[in-house]
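Reviewing the structure listed below.
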Amino acid sequence: MKKIIRNILILSIGATGMTGCADFIDNAPDNILTMEAVFAERVRMEDWLSGCYNKIPDAYWDLARNWGLDSMSDDLSPSQRWQQWWGGSVLGFIVGEWYTNSSWSANIWDGCPQRIRSAYLFIENAHALPDQNVSEEDITRMKNECRFLIAYYYWIMLETYGGIPFFDGLANVEDPNLMRGQETFDSMVDWIDNELTEVSKLLPAKQEETVAGRATSIMCLAVRARMLLFAASPLVNGNDWYKGFTNYDGQERFNSTYDPSKWKRAADACKELIEAAEAAGHKLYYEYNDDGSIDPFMSCYGSVIEKLPNNTEALFIRSNGDISEFGRHCTPRGCGGNGGMGIYQTLVDAFFMKDGTVPITGYNGNYGKPIINPESGYSESGFSDEPDIRMTKYDLYRKCPDAVVNEERDGKTWNQVAAAGTYNMYVNREPRFYLTVMWNEQWYHQEGRNVNFYSNGNDGGPTHDAPQGGYLNRKKVPLDQDTRNSVFPYRPGILYRLGEAYLNYAEALNECDPGNPDILKYLNLIRERAGVPQYGTGKEVICGEEFDQIPVPADQEAMREAIRRERRVELCCESGLRYFDLRRWKMAEEVLNQPTYGMNFAGTVKSDDASDPNAFFVRKVEMANRHYEKKYYWFPIFQTEIDKDPTLVQSPFWDE
């Protein structure tokens, strides 16, 4: 009999890093297409493979809204007033409106298995087409790409649900034994680990530029390293929350006995990734000042913006994504944008001062009462008398008539990063702060004016298209974007990069081999590139200024805290990493289950007087009903799936 693929499978074919899906569908018969026909033509076969890739998340709008992982942490702060358009998913989850029948645009439970099955069908049916210039070598490479995608999609499912059904080959849809319940977490990690390791030996370290985004050996090792770090972490390594929680077959889903060797396994995987990536030409992205020193502003900016092949830091990209929708929502409403994709006050608080000190060491009861480090020079009182000038080519205040730009000072380029009159909270901060935070009265060169987030201002409330906490996100938004004129410069969606791998390695190594010199080495490489004084005993010159280095963390616990602080600011608003960090560290309830803060959304005057209800520059509750509880650590399985398959066991605590 001929194998038939029906329209429902045709519709799953998309384009990620490849093209031709539209032609495929346009030329298909109305109702059916034989499997033989698909794999008898090069274009159709390549389009099928493209469809296998299309569940890789878009690093921009997917992770902000549809998957929503950057919005579900304490990074991006989407306007809660968008809920009427966003439906009941991510914005509802943030405030605890999360049930076993809640819709979720990511559609991981259904979507990943569809692509897994499509990848298995490719492996079973694809063959060489010598007359169409498709060799056996080409087919072998494409089948290995499918093996990567299968393992990757299983990991996406596993980090979301904790326990998933598993098929290590093409399942017979007529088999009555398809209902087999879920596998244990550790057994799935072992299978994915083995598969990614094997496939990494078969795929090239780099693909041709014309097929950017196609699987490589480095992508295999990157997914594996991040997965093993998660698997070693407190949520799933010795967590007594899940003791006695079993799958349908009676096996405990999670091992509640702590295994320190998991940290060693993660550290080894991270080191293997770093060595393989660097051997393949990957390195941290750098740009330089006129004197040859690192320009940390342009370096960190380019690490998440710069295109391939120049961006050697990118390890795993999705070559297309909805950059325009993301950009619009990060643009002030008075400048042609939708202006409500903000960031939380706690992220503003997290960035270091330019001398490397921590400005805020904690909070007294809630995020509205910061504990200020008196040694940092940080202040939440008053406004600056002088502009903040740095040696950098990062031109945040381009075209600003009042900007201080002096390219003659020692023959080097200096630029303004904050004007005189800026709220003191925003001056003398580290470079990554200025790449992430758009504050009230900051210059916006596309419009030739300062942004106005005051209530009833050009860019402020009370409308939903305004930042509810007084900040808009800048990260991953290029300076040459011009939303009013629909100019959205292309940049790839970077899902894994080498900077993360360095921090992953430092974290894993600190847990299994505290004091190992590589911990400080890789942590300091991130700080050096970011223009933050390194941990040590000497002095450094950064952006033309000399600083004392920061004392080395005294012990394992202090180093753990230092690494977590670094991850907070280096990896913010990227790939949902903060959300997964809070989960795997078992910190999500502590961090996400309390009101969030920002500047005074109702403020109308430039004042920091806490006794004045019209003062804008005062910490105020942004979202009073933020809610997170223990069961949210794992997403629930849709109740309709449980009803259809009695072997499925709902995620922990969702039945209570």
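The values are calculated or read from the model by the stated rules, or taken from the named source; none is laboratory data. Quick caveat, the model's predicted, so the values are computed rather than measured. Virtual Cβ from ideal backbone geometry, glycine too; neighbours counted across all protein chains shown. Surface areas here come from the heavy atoms of the whole protein model, side chains and all, with no ligands, DNA or RNA. Shrake-Rupley method; radii C 1.70, N 1.55, O 1.52, S 1.80 Å.
Below are the figures for this structure:
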| read-out | value |
| --- | --- |
| Placed amide H near Val134: partners under 5 Å, 5+ positions off or other chain | Leu129 |
| Tilt relative to the chain, helix 136-161 - C-alpha long axis, 0 to 90 degrees, to 10 | 60 degrees |
| Length gained when the stretch Lys243-Val211 is fully extended (0.36 nm per residue, less Cα-Cα span) | 6.9 nm |
| In degrees, nearest ten, helix 517-530 long axis to first principal axis of the chain (Cα) | 60 degrees |
| Per residue value of the accessible surface for the range 44-174 (all protein chains in place, 1.4 Å probe), Å² | 32 Å² |
| Contact order normalised by residue count of the range 204-337, Cα under 8 Å, 6+ apart, percent | 22 percent |
| Hydrodynamic radius (Kirkwood) for the range 488-623, which is based on Cα pairs only, to one decimal in Å | 17.8 Å |
| Extension gain, Ala171 back to Tyr363 (0.36 nm per residue minus Cα-Cα distance, nm) | 63.8 nm |
| Cα pair distances in the range 58-102, grouped into 10 Å bins until the bin that holds the longest one, percent each | 29, 59, 12 |
| Theoretical FRET efficiency, 1/(1+(r/R0)^6), r = Cβ-Cβ of Leu202 and Asp612, R0 51 Å, to 0.05 | 0.20 |
| Share of carbon and sulfur in the accessible heavy-atom surface of the range 338-377 [1.4 Å probe, %] | 49 percent |
| Rounded to whole Hz, the Karplus (6.51, -1.76, 1.60) HN-Hα couplings of the range 243-255, x for glycine and proline | 4, x, 7, 10, 7, 4, 7, x, 7, 5, 5, 10, 7 |
| Between 0 and 90°, nearest 10: helix 296-305 axis offset from the chain longest Cα axis | 30 degrees |
| Point-charge dipole on Cβ atoms (K/R +1, D/E -1) for the range 218-273, about Cα centre, debye to 20 | 200 debye |
| Across Lys264/Lys631; Lys206/Lys307; Lys369/Lys620; Lys307/Lys475, pairs whose alpha-carbon gap is larger than 18 Å | Lys264/Lys631 |
| Sorted peptide list for 367-379, 69-81, criterion being average Cβ within 10 angstrom, highest first | 69-81, 367-379 |
| Cα gyration tensor shape for the range 321-419, rounded if a/c is under 1.5, else prolate or oblate | oblate |
| Sequence-separation-based contact order of the chain, relative, with Cα cut under 8 Å and 6+ spacing, percent | 16 percent |
| Estimated 222 nm signal from helices in the chain, with DSSP H stretches of n ≥ 4 weighted -39500 (n - 2.57), rounded to 500 | -10000 deg cm²/dmol |
| Summed side-chain charge close to Phe617 - residues other than Phe617 whose Cβ falls under 15 Å, Lys, Arg +1, Asp, Glu -1 | -4 |
| Under 5 Å, built H, 5+ apart or other chain: amide partners of Ile542 | Phe547 |
| Order by protection proxy (mean Cβ within 10 Å, highest first), peptides 141-149, 433-441 | 433-441, 141-149 |
| Efficiency of FRET from Cβ geometry, Glu137 and Glu557, R₀ 41 Å, rounded to 0.05 | 0.20 |
| Residue-normalised accessible area of the range 292-342, given per residue in Å² at a 1.4 Å probe | 26 Å² |
| Residues whose placed amide H lies under 5 Å from that of Val437, excluding near-sequence neighbours | Arg474 |
| Under Karplus coefficients 6.51, -1.76 and 1.60, residue-wise ³J(HN,Hα) of the range 65-77 in Hz, glycine/proline x | 10, 5, 7, x, 5, 5, 7, 7, 9, 10, 9, 6, 10 |
